[in-house]
Every structure is written in structure tokens, then in C-alpha cells.
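Reading through the C-alpha cells given below for one structure.
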């Protein structure tokens, strides 16, 4: 390789946007093939990875190179031919970097999809063109809307098996729209594809000239994600207080955290919760120098004009824009543990950087995710079930609704005995 | 306008990693950084300095010394520690062998790589570390693609990949019972390319091994090893001088060199962009079996 320093385009390498997406599909919808196709056509699969799966496929006596082996990382997964856990994959094009949360299609479905969806900007929902909208499509779409994934892309796959038929695609689109109107989905796009042949994945289809929209990759590269985060309501959950213990920083108290919403500027009047004391932002510190402003999702350190008592678990907000405060709240809870949640169950709750205890005071309903109907009168929430519950906490929380802010509106529950994370909750 | 607020991918990844490192400092009593002298652990150390600036980093560096190191990596480690006033603890594989805790592998492909697990777990126990921060990335290897940021280890230091805690949003659960510990991977979401771009953006100093240089190397099973006193050459293996660099730095006996003229960070970024093999393609330790990494990780490896 020759030295090409003079051609080095640092902007092309250093200034790219990151898009996180998740994929949802039922068994045999072609999810592995689609991911394999995206990785392969964007040249993100390396020779040694291809060699490794070629030799593995051969050992297993398979006739073709099994692209699913790329994504199934654990021994048990390869042995059983199933995906057990969320896996994260990475690829990039000259336009964007992508992080895929690849969630398995059957086992532990809800738990895994909720996990993958919690950090995603976009969800790809796969529909088999031959089967159309099925129960699982409902469930995937409901979870995507519950987790407030800002963008949904419905890929109608296996178009090659329905002769690239426009009417079949149109029917699926109208069926989907009919039930999606009941959900809280802001942005949905439909693309007819064949993951197997690659039509409309990276390359535009020659078989479906009736389709005028973009290919999947083009959409992933260009969809506007700049407005996905809340840049209005300034929130800084304090993670850690930096006290250097050095002579030159004698009175230094830096409130370190990741901005969870909105923008903070030097000179802003801020309020610390729960104390309610107000002060003014003196400086926004980073090792690279002071900043004039900090916005979500930056990790920064705030210095205030006055010495007030602030510690981990507290929240710094703008004086005239405060979150809700309360000890009794309603949460859409997704249960993730084999041991069911009983009514009156007690758990450790984590919300931003705060930890406290909580009790389940009411199970309002459990949702049938296949039909979206509410089942009332339940006394427990079982693995992979989603329900609306009321909880009471030992100390007040400062929160926003999950619809308003995914960071300050989310909680997890932890079992006190096992320390396992047993539930994910979205504050209503 | 609010719409103008966006971070590029490196700043977003950096912010996520700093957030994770601060969670470690807040949730654990006595964390350490597993420091190998390789680029990933150097980047993690750099991120830790940023996370707690202007305070010192609240972590000790723990180096598991196989005794089969590149001297350049050791020198670099010592300079970094000296320059930044860091605390360093070295756990030695040689000592574990001398004490009879582990047995040295025999034969031509003997490596001390897998032997690191025992002194690592011993050092964690002896120093009462309740969290070990590592530079592992999910894009490196397929078992690592399933790792959490906060990864629980039982009292035997073992990883149970089929029973991991779900990890949602950016809420990390570091609760554990006495005797258990956590491994935390702040740069989980970075790729090899992100790491090099970040090193370039931040102008982080790196060991010379990563840059093109002349070196005596010999070939075995398609991998070019540095000629070294710890590896016994077979009769047909002859060391010759080549222009090489290393894409990863591990134990000298399992890290292969690549032929490369890349002598600057810009060159390396362009080389990585054009590369058709993964960086771990040069690592003999991963080639032992399809699940080599998973098996070592379950036993308590990095």
C-alpha cells in the first residue's frame, strides 16, 4: 500500500452519523438472509468469516453456505440451529454507520425484541409476501410502537415467490395500515424485497418496475434521524460527582452525567431535584476544553455557581421546565423472568441514575399482544407478558412520560434475591 | 434550531463509553481496567481519563503478563503509567506456572494465551476487584457479539451466555452477590475502524508495533509470527526480514503480523477500510475451534 496521506479525506472517515436499528420477523421470514444480504452487499463480511462459515457448513454436511452461521454466535445456537439471544452487528457504508440489534424470531421473543428495540432508531419488520399480515406482525408492530421506535420499515419479503406481484404488495400495505392506525407509529415505510435475490435490498429491483420508492439500504442511509431525540426538555441525571482532590481544584465539584434531553447552556438557571435549589451553570467541562452548551446525548460535567447538595440519582433541569415528580405511577411493564410477578411484589427499581424500592400496587390489565385486547383481573404477570401496572416507590422519582423522553421515561426492575433484571417499564 | 444538534458517530460512541465508565465508578467499590498494552485497552484508558477529568481515574490498571510479551508493548505500558500517574498491578502467568497453578502447554503451538485466565481470576480475588473493565468489542468475534456492556461473572469467574441479564436503554444493572464480579466493556459498540478513527481524531499515542516496521518473522500455518525466544521453530521454518505491522497485540506466540507499509494513522485507516479479513484473522488463539473464544470466555477469560 502506498502512502496516500495527501488524499486522506478525514471528513469522510470521521464525520458520519450512527443509525441503530432492530430487525423483527417470525421464523423463516428470511431475517438471517436479509442481514446476510445487507452485510454481504455492503462488503462488511470478511474473507476469514466467509471461510469460517464455509468450513462450518461443510462439517455440518450442508450443501450451501449457511449465512445464519454468521449471526449465530454461541455453540448451543449453532447446534440447535436457533438464535437464543440478541446479537449486535456492525456495518457501514460511505454514508452511515449501522448497529443492528439482531433479535431471535421465537424463543424469548418479547424479552429479546424489547431489549433490541430499547436503543433503536428504526425497526425493520419482515412480512412474508405469501402469508401477508399474521399474528406475529401485530406483535412486532405493537412492541415497536410501545418502545417508541421512531421509524418503522415494513419489508415485504419473498416477492420472488409471488411473481413480483404488485397487487399482493398493495394488499399487504393496506392491511397493515388498517391495523397500524390503532398503534402509536409515527413513520412507516413499505418496501417490496427479496432478501434471497437481493431485489430492492441494496440494488434496485429489475423485476418490480412498478415500485418507485427507495431500496432498503438507501432508506437506511438517508432517513432523517436528527429529530429522534428530545432536544426540548433539558434533563441531566447526575451519575457521579467529580471531586479531584488536587490543590489546584480545591473547591471543584463537577456533576457528571449524560444529557438525557434538551440543551444546557452556560448561564442557564437550573434547578436540582429533589432539593429544589436553584443555581446558574458556571461552566460545562470536558477534557477537550469548556463548552458553551451541552445537548443530548453528550456526556459532560456541569459546574454550578453555588454550592448546593447534589449527588448521584439527583437530576439537574431548567428552572422553568421541570419533569413530573411522584411516588405513584403507571407503567407499561414487560416481564422478562421465568418467575412471574405477583401483585404486591416488591422489587428494586432503577430509573436513570436513581435506585429505590418499589411495590406493585395494581395490575390494571395484561395485554394479549396478538389481538391487542386487554385482559383484566389478572393477579400476576408472566414471562414475556406485557401489562399496565401501578407502582409505588419508596422515594419520589423525577420522570417524563416515555412518549416524551425514552431516557427519563424508562425503568427496569431487579429481583432483590437473585439480582436479575426481571422487567422493563415504560412510564405512561 | 434544535435540529442542528447532532453528534457524529465517534462523538456518540465516545459519549456512550464515558457514560458506561462513570456507571462503573458509581456502581462498584473497586474496579480495575484490564490493560494489555493493545490499542483497545489504551483507548479505554484514554476514555477513562476523559470521563473523570480533571480528577485522576478511579481505576487501577491490571496487566496479565504472560511472560511472552512484545517488549515494545511493556515499554509503552510503563511510559503510559508513568506519564499519567496511573496505578498498575501485574499478574504473572510465569508465577502461576511456578506455583503449579497452571501447566505450560507443550509442543510447537504451545501458547500461554489460555493460561491467562487463572492468574487473572487470582488477581481479581486477591485485590478484591469487583469489576474488571475490558476493551473487548462485539464486532471482534461472534461469541463477543452476544456480550452485554455489564457482564455478570459468578464466584468462579464464569460467564453463562445462555442466562444473561437483559440490558435495556442505558440502564445498567451491576448488582451482585459477594464473591461475584462483573466484566464491563465500554467500547462494546465500536468497530476496529471506529477505534482507529478515534485514535486519529484524538491523536492518541500508540505502540510502534501497530505501524509498519522491519522485523524478523517466520510463517506457520499461514500466520507470520515474530521471531522470538518463546517459540520453537520447526526445521523447515526460517525467519526472514519483512516489512510488517500488527493489527492486534496479544501474546507474542499467538499474534500474527501483516505485511504492510502503513506507517501513519491515516495509512492504517485506509488499510483497515480496504481490508478483506478481520483483525482476529491473525490470531491463532481463535483458530483452535469454532467456539474457541466462547469456551475461554465461559471459563473466565477476557
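The values are calculated or read from the model by the stated rules, or taken from the named source; none is laboratory data. Everything numeric in this text was worked out from a predicted model, so none of it was measured. With ideal geometry, Cβ positions are generated from the backbone for all residues, glycine too; neighbour counts draw on all protein chains shown.
Regarding segment A:179-191, can at least one residue be identified that is surrounded by fewer than 20 Cβ atoms within 10 Å (Cβ to Cβ), on the phi < 0 side of the Ramachandran plot and without any contact (Cβ under 8 Å) to a residue 24 or more places away in the chain? Yes, segment A:179-191 has at least one match. Segment B:1-115 holds helices (runs of 4 or more DSSP H) entirely within its bounds, and those carrying 1 or more residues that are within 14 Å of another protein chain (Cβ to nearest Cβ) and farther than 26 Å from residue A:16 by Cα map to B:9-27, B:39-52, B:71-84.
The set of residues in segment A:341-361 being away from chain B (no Cβ under 14 Å), surrounded by 15 or more Cβ atoms within 10 Å (Cβ to Cβ) and either at pLDDT below 95 or not in a strand (DSSP E or B) (or both) consists of A:345 alone.
I'm trying to understand the selection: among the residues of segment B:231-263, which are out of contact with any strand residue (DSSP E or B) (no Cβ under 9 Å at 6 or more places or on another chain) and surrounded by 15 or more Cβ atoms within 10 Å (Cβ to Cβ)?
In the first step, residues of segment B:231-263 are kept if they are out of contact with any strand residue (DSSP E or B) (no Cβ under 9 Å at 6 or more places or on another chain); the result is B:232, B:235-236, B:251.
The one that is out of contact with any strand residue (DSSP E or B) (no Cβ under 9 Å at 6 or more places or on another chain) and surrounded by 15 or more Cβ atoms within 10 Å (Cβ to Cβ): B:251.
In segment A:303-320, the residue that is nearest to residue B:18 (Cα to Cα) out of those that are part of a strand (DSSP E or B) and more than 27 Å from the chain's Cα centre (by Cα) is A:303. Scanning segment A:256-298 for residues that are facing chain B (nearest Cβ under 8 Å), under 28 Å from the mean Cα position of the chain (by Cα) and over 17 Å from residue A:405 (Cβ atoms) gives A:256, A:286.
For (1) under 22 Å from residue B:132 (Cβ atoms); (2) at pLDDT 90 or above; (3) not assigned by TED's automatic domain parsing to the domain that holds residue B:24, each residue gets a yes or a no:
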{"position": "B:157", "(1), (2), (3)": "yes, no, no"}
{"position": "B:171", "(1), (2), (3)": "yes, yes, no"}
{"position": "B:180", "(1), (2), (3)": "yes, yes, no"}
{"position": "B:202", "(1), (2), (3)": "no, yes, yes"}
{"position": "B:219", "(1), (2), (3)": "no, no, yes"}
{"position": "B:228", "(1), (2), (3)": "no, no, yes"}
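With respect to being without any contact (Cβ under 8 Å) to a residue 12 or more places away in the chain and either out of contact with any strand residue (DSSP E or B) (no Cβ under 9 Å at 6 or more places or on another chain) or farther than 15 Å from residue B:32 by Cβ (or both), residue B:100 fits the description.
Screening A:157, A:207, A:230 for residues that are surrounded by fewer than 19 Cβ atoms within 10 Å (Cβ to Cβ) and either touching a strand residue (DSSP E or B) at 6+ places or on another chain (Cβ under 6 Å) or not assigned by TED's automatic domain parsing to the domain that holds residue A:367 (or both) leaves exactly one candidate, A:207.
Within the set B:220, B:245, B:215, the sole residue that is touching a residue at least 24 places away in the same chain (Cβ under 8 Å) and in contact with a helix residue (DSSP H, G or I) (Cβ under 7 Å, 6 or more places away or on another chain) turns out to be B:245. The set of residues in segment A:400-425 that are more than 9 Å from every other protein chain (Cβ to nearest Cβ), surrounded by fewer than 24 Cβ atoms within 10 Å (Cβ to Cβ) and either within 14 Å of the chain's Cα centre (by Cα) or assigned to a strand (DSSP E or B) (or both) comprises A:402, A:403, A:405. All told, residue B:150 meets the bar of being within 13 Å of chain A (Cβ to nearest Cβ), touching a strand residue (DSSP E or B) at 6+ places or on another chain (Cβ under 8 Å) and touching a residue at least 12 places away in the same chain (Cβ under 8 Å).
Those strands (runs of 3 or more DSSP E) of segment A:81-192 in which 3 or more residues are more than 21 Å from residue B:170 (Cα to Cα) occupy A:122-128, A:151-157, A:187-192. Within segment B:74-89, the set of residues being out of contact with any strand residue (DSSP E or B) (no Cβ under 6 Å at 6 or more places or on another chain) and either crowded, with 16+ Cβ neighbours inside 10 Å or not assigned by TED's automatic domain parsing to the domain that holds residue B:44 (or both) comprises B:76, B:77, B:80.
When you scan segment B:264-278, how many residues do you find that are more than 7 Å from chain A (Cβ to nearest Cβ) and either within 15 Å of residue B:209 (Cβ to Cβ) or modelled with pLDDT of 90 or more (or both)?
In the first step, residues of segment B:264-278 are kept if they are more than 7 Å from chain A (Cβ to nearest Cβ); the result is B:265, B:268, B:272-275.
The next check asks that each one be either within 15 Å of residue B:209 (Cβ to Cβ) or modelled with pLDDT of 90 or more (or both); those that pass are B:265, B:268.
Count: 2.
Remark: residue A:384 matches the filter, which requires a residue to be within 13 Å of chain B (Cβ to nearest Cβ) and not in a strand (DSSP E or B).
For the criterion of being in contact with a helix residue (DSSP H, G or I) (Cβ under 8 Å, 6 or more places away or on another chain) and in contact (Cβ under 8 Å) with a residue 24 or more places away in the chain, residue A:405 fails.
For residue B:128, state whether it is under 29 Å from residue A:45 (Cα atoms), over 15 Å from the mean Cα position of the chain (by Cα) and either surrounded by fewer than 19 Cβ atoms within 10 Å (Cβ to Cβ) or modelled with pLDDT under 90 (or both). Steps first, please.
Numbers: under 29 Å from residue A:45 (Cα atoms): no; over 15 Å from the mean Cα position of the chain (by Cα): yes; either surrounded by fewer than 19 Cβ atoms within 10 Å (Cβ to Cβ) or modelled with pLDDT under 90 (or both): yes.
Here the answer is no, as residue B:128 does not meet what is asked.
For segment A:19-43, the set of residues classified as over 22 Å from residue A:85 (Cα atoms) and in contact (Cβ under 8 Å) with a residue 40 or more places away in the chain consists of A:41, A:42, listed by residue number. Among the numbered criteria (1) at positive phi; (2) more than 19 Å from the chain's Cα centre (by Cα), which single criterion is violated by residue B:67? Failed condition: (2). Residues that are crowded, with 23+ Cβ neighbours inside 10 Å, assigned to a strand (DSSP E or B) and at pLDDT 95 or above: does segment B:184-194 have at least one? Among the residues of segment B:184-194, at least one is crowded, with 23+ Cβ neighbours inside 10 Å, assigned to a strand (DSSP E or B) and at pLDDT 95 or above, which makes the answer yes.
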